[in-house]
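Engineer: Dropping a structure here in structure tokens format, bear with me for questions.
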Amino acid sequence: NVLADQIAAGEVIERPASIVKELVENSLDAASQRIDIIVENAGLDSIRVIDDGQGIAADEIELAFKRHATSKIANRRDLFRVRTMGFRGEALPSIASVADVKMTTAQAGTTAGVMIHLRGGETLAKRPASARQGTDVKVTELFFNTPARLKYLKSPHTELARITDIVNRLALANPHVAFSLTHNGKELFRTAGNGKLQQVVAAIYGVQVGRKMLPFIGEDPDFKVDGLVSLPELTRSSRQYITITINHRYVRNFELTKAIINGYRSKLMVGRYPIAVLNIQLDPVLVDVNVHPAKREVRLSKEPQLAKLIADVINRRISQENL
Ligand code: ADP
Ligand code: MG
């Protein structure tokens, strides 16, 4: 099956941040309203993700750790049609094959949950556990059995930055979900989960929306866009503060990032970039099949049209403010 092969090729658990991403995306797929991420030593010692989502039935938990054809989507384009982010059915087995994993999970309305303990792909224990609805996964001893991969890890400082970055993006893409990220016992940020993007931006970037962060909205026959952009005087020295989501999925796209910057019509100082969150709603048929989910790069048909819409909407919004 070519699709499976293509998908599998992109699937690599290469660092703590990839584990955080996979676990949090599973929590989002399970319709969680609250997701707490707790890491020790930049995830090198432990990564724990606790959610209040649908949970896994006791008799299905072993299946969840088996490499399988996921039922979440039928093909790649479906990725943008459905809400779910997982589609490869192999994050959990991959993680469990290179680490020690303990998962406690329970579905709503059950009298008992289940705890499973795996290490290096082997199930060491499985027993009844707390019935608290949701899933609690703890990953320790990452790459204990693949020392070569350990060597590729960067300093804890860099690994933590990557974790923070991915959690920030997922929180910005999902303002209805309350996120918290705690490192070595210190809470790095917490979002309210009240659906307000400005609250998430304030929690993550410490920027109050109002005078310097402006909401914008616009549409054409094919696309709807909305979000927040900073005024030209509120900038950063990297593009990293620009987040783009398509149908609530965090993506990367060079042309659309450029379109945001073009919206400023040269009002930005050289080497300075805005803080921006851009949400795009579109019909999934416009997402090119040439999409690489692991890297989050997407190509779109009608990309020039969308880029023009984005630049125009942002330009209009910023010009209004400078009247
Ligand atoms: P995928 O997400 O691609 O289906 P994963 O290996 O990430 O594959 O997860 C396997 C399965 O385990 C999921 O399809 C889902 O049914 C279940 N699962 C994993 N994490 C959670 C979670 N936090 N809450 C509920 N179910 C989960
Ligand atoms: Mg998954």
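Engineer: Give LYS224/LYS308; LYS224/LYS267; LYS138/LYS186; LYS21/LYS126 a once-over and call out the pairs whose C-alpha atoms are over 22 Å from each other.
Structural biologist: Beyond 22 Å: LYS224/LYS267; LYS21/LYS126.
Engineer: Between ARG316 and ARG272, what FRET efficiency follows from the Cβ-Cβ distance if R0 is 22 Å, with the result rounded to 0.05?
Structural biologist: After rounding to 0.05, the efficiency reads 0.60.
Engineer: Still on this structure, I have one more. In Å³ and rounded to a whole number, note down the convex hull volume per residue for the Cα atoms of the stretch 153-256.
Structural biologist: Residue-normalised Cα hull volume stands at 133 Å³.
Engineer: Would you kindly state the longest site-free stretch of the chain, with sites defined as GluC sites (Glu not before Pro) in a DSSP loop (not H, G, I, E, B) surrounded by at most 13 other Cβ atoms within 10 Å?
Structural biologist: My reading of the result: 15-232 is the longest stretch.
Engineer: Between GLU122 and ASN41, what's the calculated FRET efficiency when r is the beta-carbon distance and R0 is 22 Å? Round to 0.05.
Structural biologist: So, using R0 = 22 Å, E works out to roughly 0.35.
Engineer: Relative to the Cα centre, what is the charge dipole magnitude of the stretch 105-189, using +1 at the beta carbon of each Lys and Arg, -1 at the beta carbon of each Asp and Glu, and rounding to the nearest 20 debye?
Structural biologist: Taking the Cα centre of the stretch 105-189 as origin, the dipole is about 160 debye.
Engineer: Then there's this: Please list, in order along the stretch 196-201, the HN-Hα scalar couplings obtained from phi with the Karplus expression 6.51 cos²θ - 1.76 cosθ + 1.60 (θ = phi - 60°), rounded to whole Hz, x for Gly and Pro.
Structural biologist: In residue order, the calculated couplings are 9, 4, 5, 5, 5, 4 Hz.
Engineer: Further, regarding this structure: Can you report the principal axis dimensions of the chain using only the alpha carbons, biggest first, rounded to whole angstrom?
Structural biologist: If we take the Cα atoms of the chain, the spans are 66, 44, 44 Å.
Engineer: R0 = 51 Å: FRET efficiency of SER301 with LYS186, Cβ-based, nearest 0.05?
Structural biologist: Once the sixth-power term is evaluated, E becomes 0.70.
Engineer: Scan around ILE35 for amide H atoms under 5 Å from its own, H built in the peptide plane at 1.01 Å from N, and keep only partners 5 or more places away or cross-chain.
Structural biologist: Placed amide hydrogens put ALA178, PHE179, SER180 under 5 Å from ILE35.
Engineer: Put +1 on the Cβ of every Lys and Arg and -1 on every Asp and Glu Cβ in the stretch 207-321; which of VAL209, VAL270, HIS248 then has its Cα farthest towards the positive end of the dipole?
Structural biologist: Positive-end residue among those listed: VAL270.
Engineer: Please sort by residue number the chymotrypsin sites (Phe, Trp or Tyr not before Pro) in the stretch 95-191 whose DSSP state is loop and whose Cβ has at most 16 other Cβ atoms within 10 Å.
Structural biologist: PHE144, TYR152
Read-outs throughout are calculated quantities, based only on the coordinates presented, and are distinct from any laboratory measurement. Remember, it's a predicted structure, so these values are computed and weren't measured experimentally. Every residue, glycine among them, receives a Cβ derived from its backbone with ideal geometry; neighbour counts consider all protein chains shown.
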